[in-house]
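Any read-out appearing in this document is the output of simple, stated calculations on the displayed coordinates, not a laboratory observation. Fair warning: this is a prediction, and the values are worked out from it, not measured in the lab. Neighbour counts run over all protein chains shown; Cβ positions are idealised from the backbone, glycine included.
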Amino acid sequence: MADILSQAKACQGKIAIDKLIYDPINRQLMKSGKEIELEPRSLELLEVLLQQTGAPIAADEIIDKVWQSNFISKNVLTNRISTLRTIFKEHSPDSDATKLLVTYPKKGYYLNSARVSLVEVPDSEIKQQPVKVKPSIHLIYASLLLLVSAALITQYFQSSTPLTQASSHITVPVVELLLHKINATDETAKPYVKAIKTSLLAQQIFYPYINVINQDAPTYFLSPLDDSPYWPGSRNTLFSDYKLNLRLSKGALNGELFAQLELVFHNSEKQIYRGEYALDITDLDSGIYKMTEDLVMFFGLPEQAQEKNSDTFDFLSTPMSSQLANHDLTVWETNYMARLLLLDTDVGTQTIKSWLEHTERRFPLPSEETEIWLGLLNFKIGDHESARERLFKARFNNQIHNAFVYLVLSDIALKDNNPDLFRLYYLKSLVSLSLVTPSQEIFKQLTQDQLYSKCLGTWGGVIKSKRVTDNMQAWINMFEGYCERAKPYLLNTL
């Protein structure tokens, strides 16, 4: 634990927070010499966190120091934390803001001390400058806004019909959720399964406080989004906090579907929430958006502006040629198209290259998942340098731990004749496989004989499983010769 704020004040220095600089004398947060405007409460919150970097501060303690009140809802603090993270992400887009301003479950929040440092200012540059104080009208406005917000939040939870009796008491900073299965109980609902799966997956991935554990399954990037009952990666995951299931049937009105959403504990299968929704087949995305809002409320997570999908069903019904020609795709449409191109064995290399060029221009700073999709497409067409760069960049966020992605990185390292990186990613791949394979099977492979004779042995069980799509065969062919290339390094590993 370090009080870097006091240290900076004592030496009249400044504080580096990733690519940002905080001047505690003038109380300014800057990037490249330009001030980033902070509201008074956000500024005070930042200073409290700088007083104890590297060690969690309890929510109650932060509220007491920043608001000097025992009547402030923790949701107010959560929203302020979200605001700071948004600022960090906006001005340091290549870093993961949740790894800088860290949520420690049940302990509180802290700034990662490895990414915060003291910047001393030479004596010649020290100037006696008055501290800038925001006009008092801003303070009055902020105080009124805070009081109104707290009152509205309190009134909301007192007057609203709770989703479950316990929902208002659940406080989970980051929820691990597995999107598992959709059961369509009649023919009326089946044509809409694919659109509902696609829309709900996009909504959950977009929301930062829900970790969609499907992304960590090795088959997530190898399975299509289709009209089968399961989401990609759902049948290959052993661990998560919760599982989500949907049951679809014909609605009471024409043009309507009835959807039952069920949330269960993964380990016990005990149901903890059930919601019922009437979905308009001409506007499925609005119904899916409501599901996401209800889940956020149930888990007690902070509200955040969502990018509601538009016309998912219409987009999925469009011919692939038209989808490829559309250069104004949204993020979810881009991820969907990348999955399609990755798994379609009939799409030519030139088509993929052309699509990649347009996509890279449209999204110069893509999300972590989009970065991985683009990297895997580059790997598929043999552009290993671009694949390595994109897959390595995606790891900065460090939220998706996918065994298949690590396996691809290990293969690229082999082709680059880099044994250290090969061993690193090979081992990461095995560790990540423990999400879908019993750990004893992983340990069996970590013997000299198994490493030598069956370097992809654990993967064999995944590949041969009936739960894995046939598209895996195309990737098996791409890894032909992998073990032979890896043999010299594996022989000297243990």
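Could you sort the peptides 230-237, 280-287 by per-residue average Cβ neighbour count (10 Å cutoff), highest mean leading?
Highest-to-lowest ranking by the protection proxy: 230-237, 280-287.
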Tell me which residues come under 5 Å, amide H to amide H, from TYR104 once H is placed; ignore anything under 5 positions away on its chain. TYR109, TYR110
Interchain or long-range residues, amide H under 5 Å from TYR273's placed H: LEU263
Between the modelled labels at LYS415 and ALA325 (7 Å from Cα along Cα→Cβ) the distance in nm is 3.3 nm
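Lysine pairs in the stretch 1-80 with Cα distance under 16 Å, only those 8 or more apart or on different chains: how many are there? List each step's numbers first, then the result.
Details: LYS14/LYS31; LYS14/LYS34; LYS19/LYS31; LYS19/LYS34; LYS65/LYS74.
Here the count comes out as 5.
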Per-residue counts of other Cβ atoms within 10 Å, averaged by peptide: what ranking do you get for 401-413, 378-390, highest first? 401-413, 378-390
Among the listed pairs LYS89/LYS270; LYS181/LYS270; LYS107/LYS243; LYS107/LYS393, which are separated by more than 27 Å between their Cα atoms? LYS89/LYS270; LYS107/LYS393
Quick one: what are the phi-derived ³J(HN,Hα) couplings along the stretch 232-245, Karplus 6.51/-1.76/1.60 with θ = phi - 60°, whole Hz, x for glycine and proline? x, x, 6, 8, 10, 10, 8, 10, 5, 6, 9, 10, 10, 10
Within the under-12-Å Cβ sphere about MET297, not counting MET297, Lys/Arg +1 and Asp/Glu -1 give a net charge of -2
Long pairs among LYS99/LYS487; LYS380/LYS415; LYS99/LYS415, criterion Cα-Cα beyond 26 Å: LYS99/LYS487; LYS99/LYS415
Around GLY255 (Cβ within 11 Å, Cβ-to-Cβ, excluding GLY255; K/R +1, D/E -1) the net charge comes to -2
Two-site label geometry, THR345 and LYS444: point separation in nm, points 7 Å out along Cα→Cβ: 2.9 nm
